[in-house]
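Trainee: Below are the structure tokens for one structure; questions will follow.
The values are calculated or read from the model by the stated rules, or taken from the named source; none is laboratory data. Only a predicted model underlies this, so the values are computations on that prediction, with no experimental measurement involved. Don't worry about glycine lacking a Cβ; one is built from the backbone with ideal geometry, like all the others, and counts go over all protein chains shown.
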Amino acid sequence: MEKAIQTTAEATERRGVGPEGLTLVEALRKSREVFESSGHYHGVTELRLKAENYLHYESLHARLRSAVVNARETSKKISASPGVREVGESVVALYTPEGDSVVLSTGIMVHVHTLSRFIQWMIERDYESDPGIAHGDVFANNDPFVSDVHPPDLMNVTPIFHGKELIGWVGAVAHELEIGGVCGGANQSTTAERFGQGMIVSAEKVAVNDTIRRDFFVRAEMNLRTPVYFVLDEKAMVSACIDVREKVLEMVEQYGVDYYKRAIREIIEEGRRAHLQRMKTLTVPGRYRSVAYAGHLFDGKVGASPLSSNCIVHIPLEMTIDRKGFLSIDYEGAGRKMWNPYNCPPAAMDGGFFVTLTQFIDFDGKVNDGCWFATRMVCPPGSWCNPGDDMTATSSAWGSLMPGFGSLQRMISRSFFARGFREEVFLGQVNTPIIEGGGINQYGLRFGGQNLECSSEGSGARAIMDGIDCGYVGWNPESDMGNVEIWEMILPILYLGRRIWRDSPGAGKYRGGATYSSLLMVHKTPLYNIVSTIHSDKVFDNQGMCGGYPGPTAKFEYVSRNTDLAERIARKQPLPHVEGDPRRPDLSTRVGGDFKVVDGVFLEQPLRSGDLFQFFYNTGGGYGDPIERDPEAVRKDLDNGIQSIEIAASVYRVEARFDAETRRHVIDTEATRACRAKCREERAARAVPVKQWMATQQQRLLQSDLGREVKEMYNDVFGFSERWSREFREFWKLPDDFVFDL
């Protein structure tokens with residue numbers, strides 16, 4: 001076998017390190033041109049290897065997939081971060097020389113295509129010449145405008161050389177709990193520009209000869225509050241990349257380099273074809289439209305940037321499916337880039353699109369960038385989803401990504417429904433609130449970090465069953481909230497409760513998944529600056545379907561300072577563990593202290609030992625009319641603490657009582673039937689013709705009878721998107737120059 005490495009000295013001996021002696025720039029350009037001219041990935045019109053020896057071909061794919069999955073699982077044991085070890089916030093993938101993904105592991109699959117963009121960013125800027133690409137090099141990045149969702153997502157790639165030819169790349173990503181921003185943690189909800197987001201690594205060569213540079217670790221040690229997570233995550237990712245690289249070279253030796261090079265092209269082309277076939281089978285061609293919103297409160301918030309102000313993010317989406325199964329999505333009508341951290345760089349939009357595809361269309365078989373070559377996405381330049389300004393803040397990009405791609409999930413579900421595949425309908429994701437912060441920890445040390453238990457929220461409903469309870473997020477379908485004891489070990493907190501949040505699911509014939517709240521006691525610290533992010537304030541960021549209600553995603557928190565908790569514990573008195581009655585929360589009645597309800601983002605004065613903080617996580621919308629829900633399903637939810645008797649009666653119109661003897665709820669079937677019949681009569685009495693309702697709403701628009709933030713949102717779009725503005729005004733029969741009066 002030819003020597004399967006290339007040294008830095010050898011890198012200059014041939015014209016290029018890419019296929020056929022091309023430079024990587026030339027190889028990437030050729031690959032794109034061949035696809036444009038042929039319509040097939042890399043010009044592969046026939047899956048020749050698959051046809052000649054199916055088992056041989058499939059065995060290679062299975063071994064490649066096994067390599068990236070095993071490397072991820074092994075590398076998790078190197079990491080010290082519970083984000084990686086407990087929650088699984090990492091991914092490993094294999095790429096072609098041009099940077100297209102071939103196989104990928106489980107985990108945060110949102111980053112499979114961001115890694116692809118990272119590799120191609122370096123190729124396009126001729127890293128082959130300077131700083132050079134050789135065996136044993138490792139390149140790192142967390143710069144969103146190179147290719148990333150936001151700075152907490154640290155990525156590494158290493159080349160695979162066979163002799164003097166680069167035959168592929170291996171990439172890995174891990175989400176960091178602390179990145180050195182203005183606040184402790186990672187997502188930085190207070191910054192309005194790039195400069196407060198923390199330590200940025202912009203496509204740097206950080207290792208040579210498989211050895212990470214010491215000065216790279218020194219930078220982390222000097223710029224992060226808790227650098228141990230970053231340092232060991234970096235070692236874990238490099239380990240995973242080397243592991244996969246060596247396994248690939250073993251397979252190249254067994255299968256032959258020419259076979260390998262052809263096979264990875266066929267695997268991607270097969271993924272492309274499979275995507276198109278599923279689209280043709282499962283969906284109905286046509287134009288679909290949806291909209292979502294995310295609200296953010298900044299005015300008067302402690303620590304908020306003076307550049308930021310209250311706003312609502314306008315997230316319109318148009319999806320088009322043609323008869324060949326080609327999928328296009330267009331965010332025309334999105335508002336301008338914002339002076340807050342909820343903007344999305346192009347790589348973030350790519351990542352959100354890719355992870356949605358892997359959950360709804362490309363969930364088995366050859367899952368890779370093949371689907372990317374059968375889709376198209378348009379993000380208007382200068383908008384929040386394509387700022388075109390590298391100085392823009394993107395640290396909380398997920399706050400706009402998830403509502404936007406939640407809309408895509410609902411639109412794809414509508415297409416499934418139209419084709420008759422009700423079982424495929426899934427209302428999917430909503431925003432995922434995160435708590436993070438910094439200060440002095442229980443060991444007396446300065447620290448920063450975030451609690452990623454948000455990785456297991458409730459999902460939206462399906463069209464044939466309820467949503468997933470406490471077990472789903474859009475960005476990592478392999479959900480795990482982590483053990484309470486681990487979070488208590490790394491953060492200065494003790495849990496008084498982590499339980500189902502009663503009445504949280506979006507109501508429907510099939511409800512959204514139940515979510516939960518965590519009630520935390522701040523422990524052994526004089527200073528813990530807790531902040532929250534990645535949520536929507538005062539605005540529902542999701543919808544139900546076919547009559548289902550949205551999930552309750554308008555954000556709030558409870559906090560109690562200067563409590564008498566220690567005295568109550570000493571007296572063995574009852575303590576708060578759950579919310580209780582939301583009109584008189586347990587945190588306000590079962591413990592003495594200065595109780596406060598905080599609307600929207602939590603940006604308050606720091607907490608200290610003995611203070612209590614209760615945080616609520618999100619869930620998705622319901623499917624179908626709530627009064628069509630099976631009363632027995634309501635009874636089970638009552639028994640399990642998911643639903644209250646009050647909501648069962650007012651929303652589901654189910655009459656129930658608690659039997660103290662059996663400790664179970666009992667449904668009054670006849671009273672329920674009568675209550676539901678009365679509800680239908682009341683609805684009919686309130687109903688008005690659609691034309692009449694629209695005329696009423698048109699008058700509201702003409703009179704500017706909307707909230708200030710809503711009017712500001714629309715006026716922003718009126719001055720930015722000519723096409724969307726024209727269609728909006730035509731639909732509502734408004735003057736051509738209509739804007740809202742502020």
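Trainee: Which of the residues that make up the stretch 185-232 are more than 25 Å from the chain's Cα centre (by Cα) and part of a strand (DSSP E or B)?
Mentor: Passing the criteria: GLU204, LYS205, VAL206, ALA207, VAL208, THR211, ILE212.
Trainee: I need the full set of residues from the stretch 398-455 which are among the charged types (D, E, K, R), assigned by TED's automatic domain parsing to the domain that holds GLU604 and either closer than 18 Å to ALA348 by Cβ or surrounded by 23 or more Cβ atoms within 10 Å (Cβ to Cβ) (or both), in order please.
Mentor: Once the filter is applied, which keeps residues that are among the charged types (D, E, K, R), assigned by TED's automatic domain parsing to the domain that holds GLU604 and either closer than 18 Å to ALA348 by Cβ or surrounded by 23 or more Cβ atoms within 10 Å (Cβ to Cβ) (or both), the stretch 398-455 yields GLU436, GLU453.
Trainee: Then there is this: Does the stretch 514-538 hold any residues that are over 20 Å from VAL591 (Cα atoms), in a strand (DSSP E or B) and of a type outside the set (Val, Ile, Thr), and which are they?
Mentor: Result: TYR516, TYR528, ASN529, SER532, SER536.
Trainee: Let me ask you something else. Which condition number in (1) surrounded by 15 or more Cβ atoms within 10 Å (Cβ to Cβ); (2) in contact (Cβ under 8 Å) with a residue 40 or more places away in the chain; (3) not assigned by TED's automatic domain parsing to the domain that holds PRO631 is the one that ARG723 fails?
Mentor: Against the list (1) surrounded by 15 or more Cβ atoms within 10 Å (Cβ to Cβ); (2) in contact (Cβ under 8 Å) with a residue 40 or more places away in the chain; (3) not assigned by TED's automatic domain parsing to the domain that holds PRO631, ARG723 comes up short only on (1).
Trainee: Go through the stretch 446-461 and report how many residues are assigned to a loop (DSSP other than H, G, I, E, B) and over 25 Å from VAL149 (Cα atoms).
Mentor: Residues in the stretch 446-461 being assigned to a loop (DSSP other than H, G, I, E, B) and over 25 Å from VAL149 (Cα atoms): 1 in total.
Trainee: Identify all residues within the stretch 687-704 that are loosely packed, with under 12 Cβ neighbours inside 10 Å and part of a loop (DSSP other than H, G, I, E, B); write none if there are none.
Mentor: ALA687, VAL688, PRO689, GLN703, listed by residue number.
Trainee: Report the residue count in the stretch 374-391 for those that are surrounded by fewer than 23 Cβ atoms within 10 Å (Cβ to Cβ) and in contact (Cβ under 8 Å) with a residue 60 or more places away in the chain.
Mentor: 5
Yes/no matrix, rows are residues, columns are (1) over 24 Å from the mean Cα position of the chain (by Cα); (2) of a type in the set (S, T, N, Q); (3) surrounded by fewer than 23 Cβ atoms within 10 Å (Cβ to Cβ):
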{"position": "LEU496", "(1), (2), (3)": "yes, no, yes"}
{"position": "TRP501", "(1), (2), (3)": "no, no, no"}
{"position": "SER517", "(1), (2), (3)": "no, yes, yes"}
{"position": "PRO526", "(1), (2), (3)": "yes, no, yes"}
{"position": "THR533", "(1), (2), (3)": "no, yes, no"}
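Trainee: Still on this model: Might you let me know whether the stretch 556-573 holds any residue that is touching a residue at least 60 places away in the same chain (Cβ under 8 Å) and surrounded by 23 or more Cβ atoms within 10 Å (Cβ to Cβ)?
Mentor: Looking through the stretch 556-573, none of the residues is touching a residue at least 60 places away in the same chain (Cβ under 8 Å) and surrounded by 23 or more Cβ atoms within 10 Å (Cβ to Cβ).
Trainee: For the condition at pLDDT below 95 and either of a type in the set (D, E, K, R) or within 18 Å of LYS164 (Cα to Cα) (or both), what is the one hit in GLU86, GLU33, GLU73?
Mentor: One residue alone meets the criteria, GLU86.
Trainee: Something else now. What's the total number of residues in the stretch 341-400 that are of a type in the set (Gly, Ala, Ser), touching a strand residue (DSSP E or B) at 6+ places or on another chain (Cβ under 7 Å) and within 21 Å of GLY428 (Cα to Cα)?
Mentor: 3
Trainee: Moving on. Of the residues that make up the stretch 581-603, is at least one farther than 21 Å from LEU520 by Cβ and not basic (Lys, Arg)?
Mentor: Checking the stretch 581-603: not a single residue is farther than 21 Å from LEU520 by Cβ and not basic (Lys, Arg).
Trainee: Go through ILE468, ILE412, ILE464 for me and flag whichever is in contact with a helix residue (DSSP H, G or I) (Cβ under 6 Å, 6 or more places away or on another chain), among the hydrophobic types (A, V, I, L, M, F, W, C) and either free of Cβ contacts under 8 Å to residues at least 60 places away in the same chain or part of a loop (DSSP other than H, G, I, E, B) (or both).
Mentor: Working: ILE468 fails: in contact with a helix residue (DSSP H, G or I) (Cβ under 6 Å, 6 or more places away or on another chain); ILE412 fails: either free of Cβ contacts under 8 Å to residues at least 60 places away in the same chain or part of a loop (DSSP other than H, G, I, E, B) (or both).
Testing whether each residue is in contact with a helix residue (DSSP H, G or I) (Cβ under 6 Å, 6 or more places away or on another chain), among the hydrophobic types (A, V, I, L, M, F, W, C) and either free of Cβ contacts under 8 Å to residues at least 60 places away in the same chain or part of a loop (DSSP other than H, G, I, E, B) (or both) leaves just ILE464.
Trainee: Conditions first: (1) of a type outside the set (Phe, Trp, Tyr); (2) surrounded by 19 or more Cβ atoms within 10 Å (Cβ to Cβ); (3) under 29 Å from ASN310 (Cβ atoms). PRO582 passes all but one, so which condition is the exception?
Mentor: (2)
Trainee: May I ask you to verify whether ASP364 is modelled with pLDDT under 95, among the acidic types (Asp, Glu) and either surrounded by fewer than 23 Cβ atoms within 10 Å (Cβ to Cβ) or in the same structural domain as SER725 (by TED's automatic domain parsing) (or both)? Can you show your working first?
Mentor: On the way: modelled with pLDDT under 95: yes; among the acidic types (Asp, Glu): yes; either surrounded by fewer than 23 Cβ atoms within 10 Å (Cβ to Cβ) or in the same structural domain as SER725 (by TED's automatic domain parsing) (or both): yes.
Yes.
Trainee: Continuing with the same structure: With the structure loaded, tell me whether GLN605 is outside any loop (DSSP other than H, G, I, E, B), under 30 Å from SER309 (Cβ atoms) and either touching a Leu at 6+ places or on another chain (Cβ under 8 Å) or polar (S, T, N, Q) (or both) or whether it fails that test.
Mentor: So GLN605 does not fit the description; no.
Trainee: Okay, next question. Can you pull out every residue in the stretch 472-494 that is within 20 Å of the chain's Cα centre (by Cα) and among the polar types (S, T, N, Q)? Reasoning before the result, please.
Mentor: First, pick out the residues of the stretch 472-494 that are within 20 Å of the chain's Cα centre (by Cα): 472-482.
ASN476, SER479, listed by residue number.
Trainee: If you scan the stretch 583-601, which residues turn out to be out of contact with any helix residue (DSSP H, G or I) (no Cβ under 7 Å at 6 or more places or on another chain) and either closer than 13 Å to PHE613 by Cβ or touching a residue at least 40 places away in the same chain (Cβ under 8 Å) (or both)?
Mentor: PRO585, LEU587, GLY593, ASP594, LYS596, VAL597, VAL598, ASP599, GLY600, VAL601
Trainee: Another question, if that's okay. Can you report the number of residues in the stretch 11-64 which are in contact (Cβ under 8 Å) with a residue 24 or more places away in the chain, of a type outside the set (D, E, K, R) and not in a helix (DSSP H, G or I)?
Mentor: Of the residues in the stretch 11-64, 7 are in contact (Cβ under 8 Å) with a residue 24 or more places away in the chain, of a type outside the set (D, E, K, R) and not in a helix (DSSP H, G or I).
Trainee: Restricting to the stretch 479-508, what's the tally of residues that are touching a helix residue (DSSP H, G or I) at 6+ places or on another chain (Cβ under 9 Å), outside any strand (DSSP E or B) and not polar (S, T, N, Q)?
Mentor: Result for the stretch 479-508: 13.
Trainee: Is it fair to say ASP541 is on the phi > 0 side of the Ramachandran plot and touching a helix residue (DSSP H, G or I) at 6+ places or on another chain (Cβ under 7 Å)?
Mentor: No.
Trainee: Turning to a different aspect of this structure: Report, by residue number, each residue of the stretch 385-407 that is part of a loop (DSSP other than H, G, I, E, B) and among the aliphatic types (A, V, I, L, M).
Mentor: MET391, ALA393, ALA397
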